[in-house]
1. Shape verdict for segment 26-108, please, from the Cα gyration tensor: rounded (a/c under 1.5), prolate (a/b greater than b/c) or oblate.
2. Suppose the chain between residue 40 and residue 89 were pulled fully straight at 0.36 nm per residue; how much longer would it get relative to their current alpha carbon spacing?
3. With the cut-off at 1.5 for a/c, could you classify segment 61-103 from its C-alpha gyration tensor as rounded, prolate or oblate?
4. Testing the spin-label approximation: label points 7 Å from Cα along Cα→Cβ at residue 108 and residue 82. State their distance in nm.
């Protein structure tokens, strides 16, 4: 079991340590092979293979409520708690898989 966990990306290994979010945040990712995906709220089956992910954008705003509820502080705290580097890209939080040569992320 330990070897199986060790071979998984850190975010997968530590996923049980992340408290359940107050809402299912939407995510979309950029793939090296398929380009950007559409926004999706399903995390367990629809997130692309980690080896292909350039970045994952997280929308920390619960848009199912009127007015929408901003959970940016809680999502940022959860990412910091498990030591996942991220950047702020407009209203979204971006978790980087890798950066292209010649580009650099400004981490929060």
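1. Working: a/c = 1.87, a/b = 1.32, b/c = 1.42.
Oblate.
2. On the way: separation 49, 0.36 × 49 = 17.64 nm, distance 1.76 nm.
That works out to 15.9 nm of additional length.
3. On the way: a/c = 3.76, a/b = 1.77, b/c = 2.13.
Taking the square roots of the gyration eigenvalues as a ≥ b ≥ c, segment 61-103 is oblate.
4. For the pair residue 108/residue 82, the computed spacing is 1.6 nm.
The numbers here are math on the coordinates, done by the rules we state, and not lab data. Because the structure is a prediction, the values reported are computed rather than measured. With ideal geometry, Cβ positions are generated from the backbone for all residues, glycine too; neighbour counts draw on all protein chains shown.
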